[in-house]
Amino acid sequence: MPQRLPDLTHLLDALDPGASRAERHLWLTALLEWVRAGMGSGTDPAGAVARVNLMLDAVQTRPQWRERWRAWWQLFKDTVDPAPLLADFGFAPRTAFMSALGERLRRKLLPITPDTYDLINLFDLLLPDPRDALWIKALDGDTLDRMQSLLFEAPKDDIWGNGVLMDALTYSVGQVSAAGFAAEIRARMAHTVSQAHPYHSRPFHALPGQFEAFKAAVKTDGARSPTALAAAQALREQLDACRHAAYTVYAHLDENGISVGIVFRLSQLRERMVRIRQLLDCLQSEQPAQATARLLAQLALVGQAKRSIRALIASSTHLTAAKVAERSAESGEHYITRNVAEYRHMLATAAGGGAVLAFTTWAKFAIVGLGLSAFWGGVGFGLNYATSFVIVMLLHWTVATKQPAVTAPAMAARLKDMSAPDAVGNFIDEVAHLLRSQIAAIIGNLGLVIPGVLLICGALHLGGLGNMVDPDYAHHVMHDQSLLGPTAFYAAFTGVLLFASSIIAGWVENWFVLYQLESAIAWNPRYTRVLGAERARRWSKWLRANISGLAANISLGLMLGLVPAFTGFFGLGLEVRHVTLSTGQVAAAAYTLGLGVLTTPEFWWAVAGIAVIGPLNLAVSFLLAFRLALAAHSVAPVERRHIRQAFFERVRQAPLSFLLPPRDAPPVAGVGPSSS
């Protein structure tokens with residue numbers, strides 16, 4: 001059962017200035033928890049605000065308690081410094097993505113002690129609930145004025161005490177200047193000269209000087225004097241100049257590759273600039289108590305955000321995801337057929353891919369015959385698959401299951417603007433084109449992998465080398481592919497691996513561009529000495545054009561081989577089911593067992609399993625890529641019901657349009673079926 005909260009009388013009586021630091025901080029935690037409990041389980045802050053007023057009423061009738069409180073508060077101010085809380089709360093201790101990730105993991109997994117002088121850590125204990133920001137923000141001016149006069153007895157223009165806000169501003173401006181001078185930011189920042197404000201050409205250089213002028217004005221004339229207000233406005237303008245200069249880094253990243261570390265630094269820089277503005281508002285507000293409450297409410301919200309690992313990853317990787325989706329969309333256009341000629345071309349390239357995978361099936365059974373351990377068998381299978389996929393790519397042929405992960409972003413790009421009158425119809429047209437393309441690719445793959453495997457089996461038999469697979473293992477293959485087993489689950493899991501390979505491809509291509517490897521290979525003296533200048537340039541261009549495909553095919557092949565080995569080590573027993581490879585294995589097993597297998601249930605259950613593997617491979621990888629593309633492009637919610645209605649209307653009126661291409665549809669310029 002949850003522990004019952006003490007009532008207000010017991011809380012006030014428990015105040016002990018002579019208690020240990022941990023006990024004093026626990027008392028404040030209990031008091032804030034009592035206030036928060038006034039909201040119950042809802043989000044209406046009225047109950048919490050009423051409890052604050054009830055507490056102030058009780059304090060007003062207890063002058064002897066106020067003496068104890070003054071001693072407690074003085075000790076609290078002497079042992080903790082609020083300036084770091086105001087300046088650094090919510091920011092990573094080091095401006096590095098992995099450092100921030102480690103910090104959030106630590107805060108999630110390890111408890112926080114109340115026996116601390118660090119107000120940043122203590123703040124997490126004092127205001128841990130997402131609703132804390134609501135009741136703090138809801139405190140009205142009269143309540144805040146009563147709290148100030150009864151509890152803090154501070155001058156109205158100096159709630160925080162001796163220069164706390166100015167110290168926090170000093171820390172924050174120093175961090176912004178340091179971030180602007182960081183080598184990886186400075187090297188990517190565009191510098192533009194403004195005749196009206198020439199210091200804008202080097203905004204981070206001028207920022208410390210502007211802040212010193214502001215500090216001097218505050219010290220001489222006061223925080224809300226006309227001189228200080230003018231200096232604060234100049235400081236805000238300088239911050240705007242710094243912000244605009246920092247934004248130019250995004251343009252550089254978009255053109256030259258995304259770095260998660262740099263994006264994280266820019267995010268921290270932008271948030272620190274916002275914090276400086278909040279501190280300035282609090283320092284110069286005509287209603288300092290209300291400004292203080294708004295700042296504390298904002299810090300409570302920041303405290304919730306900084307606990308989220310998902311938010312950290314999303315905010316730091318969204319540009320990379322967008323770039324991956326954008327490049328995948330460009331590739332995906334080449335896998336969508338729109339007329340008969342492109343449809344036939346897709347069938348032909350898919351047939352070529354099926355022929356190569358027939359030899360892949362033979363090589364897999366040969367590796368099985370070696371009797372390797374699970375790990376080395378997985379390495380062998382992975383290298384076999386990776387080599388085959390790369391050969392298919394180099395021959396400009398197609399493997400059907402690799403298409404959805406790149407066609408999905410191309411489809412998501414169609415949803416960016418749904419305001420046009422024919423937008424829904426055009427999107428349904430693209431769905432039809434995509435389904436036809438996928439069906440054509442599967443037909444082409446399976447249409448040649450089956451006869452290819454049977455021909456190899458026949459050649460081995462005629463050559464006196466025996467069957468590709470022995471009868472016992474042939475029954476094992478039939479059992480593994482059977483729909484009665486976990487085939488459907490394994491097929492869906494394989495769809496996840498297909499999607500993962502497209503993500504790996506996008507990251508590798510981004511890495512290749514970010515570190516300018518195309519230029520390095522073309523011009524680095526060490527490479528040009530070994531390869532020759534002309535060959536080095538040819539290789540650099542070829543790698544730039546094919547690095548994504550190589551990464552996708554090699555990573556997919558290795559995952560198909562090694563993931564089952566690794567999951568088996570941990571007792572998970574996950575397997576992969578790839579429609580073309582599974583079909584080849586069933587064909588080889590059927591050849592070994594002879595024509596009589598066509599009358600057995602195990603064969604037809606295996607065929608039924610293959611009929612499920614293909615759609616699941618395609619659907620899972622497509623849906624995952626489609627969701628990523630929607631999030632990466634920040635696509636607004638579309639009229640999904642209208643799209644759904646239009647889709648079913650097309651199915652009812654023209655079902656064959658999803659299977660057969662229109663004869664009169666012209667090819668779209670710059671797109672069409674291409675290599676895998």
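The values are calculated or read from the model by the stated rules, or taken from the named source; none is laboratory data. Everything numeric in this text was worked out from a predicted model, so none of it was measured. Every residue, glycine as well, gets a Cβ built from its backbone with ideal geometry; the counts of neighbours run over all protein chains shown.
Below, the figures for the structure above:
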| read-out | value |
| --- | --- |
| Check on ALA289, among the small types (Gly, Ala, Ser) and at pLDDT 85 or above | no |
| Residue in region 91-105 that is free of Cβ contacts under 8 Å to residues at least 60 places away in the same chain, surrounded by 15 or more Cβ atoms within 10 Å (Cβ to Cβ) and out of contact with any helix residue (DSSP H, G or I) (no Cβ under 8 Å at 6 or more places or on another chain) present | yes |
| Conditions (1) in a helix (DSSP H, G or I); (2) within 25 Å of ASN467 (Cα to Cα); (3) at pLDDT below 95: number failed by LEU372 | (1) |
| Criterion violated by ARG307 - all others in (1) assigned to a helix (DSSP H, G or I); (2) surrounded by fewer than 19 Cβ atoms within 10 Å (Cβ to Cβ); (3) in contact (Cβ under 8 Å) with a residue 60 or more places away in the chain satisfied | (1) |
| Filter pass, LEU86 being part of a helix (DSSP H, G or I), modelled with pLDDT under 90 and buried (at least 16 other Cβ atoms within 10 Å of the Cβ) | no |
| Residue in region 278-298 that is over 27 Å from GLY506 (Cα atoms), under 25 Å from the mean Cα position of the chain (by Cα) and in a helix (DSSP H, G or I) present | yes |
| Residue in region 114-133 that is closer than 30 Å to ALA289 by Cα, acidic (Asp, Glu), modelled with pLDDT of 90 or more and in a helix (DSSP H, G or I) present | yes |
| Criterion violated by TYR490 - all others in (1) crowded, with 17+ Cβ neighbours inside 10 Å; (2) within 20 Å of ALA589 (Cβ to Cβ); (3) modelled with pLDDT under 95 satisfied | (3) |
| Selection count, region 385-401, where residues are touching a residue at least 60 places away in the same chain (Cβ under 8 Å), surrounded by fewer than 22 Cβ atoms within 10 Å (Cβ to Cβ) and closer than 12 Å to THR360 by Cβ | 3 |
| ALA545 modelled with pLDDT under 95, under 23 Å from LEU395 (Cα atoms), out of contact with any Leu (no Cβ under 8 Å at 6 or more places or on another chain) and surrounded by fewer than 17 Cβ atoms within 10 Å (Cβ to Cβ) | yes |
| All positions within region 574-592 that are within 20 Å of ALA488 (Cα to Cα) and in contact with a Pro (Cβ under 7 Å, 6 or more places away or on another chain) | LEU574, GLU575, VAL576 |
| Unique match (being outside any helix (DSSP H, G or I) and touching a residue at least 12 places away in the same chain (Cβ under 8 Å)) among ILE262, ILE258 | ILE258 |
| Entirely in region 464-565, the helices (runs of 4 or more DSSP H) that have 2 or more residues that are more than 30 Å from the chain's Cα centre (by Cα) and of a type in the set (Val, Ile, Thr) | 525-531 |
| Selected residue [among the hydroxyl-bearing types (Ser, Thr, Tyr) and either farther than 27 Å from ALA355 by Cα or at pLDDT below 85 (or both)] from THR407, THR387 | THR407 |
| Selected residue [at pLDDT 90 or above and of a type outside the set (S, T, N, Q)] from LEU253, LEU229, LEU301, LEU266 | LEU229 |
| Test set (1) modelled with pLDDT of 85 or more; (2) over 30 Å from ILE547 (Cβ atoms); (3) under 33 Å from the mean Cα position of the chain (by Cα); (4) surrounded by fewer than 19 Cβ atoms within 10 Å (Cβ to Cβ) - TYR247 fails condition number | (2) |
| Pick from region 134-191, criterion modelled with pLDDT under 90 and basic (Lys, Arg), ranking: farthest from LEU296 (Cα to Cα) | ARG188 |
| Residue, surrounded by the most Cβ atoms within 10 Å (Cβ to Cβ), within region 59-81, restricted to residues that are under 13 Å from LEU15 (Cα atoms) and without any contact (Cβ under 8 Å) to a residue 12 or more places away in the chain | GLU67 |
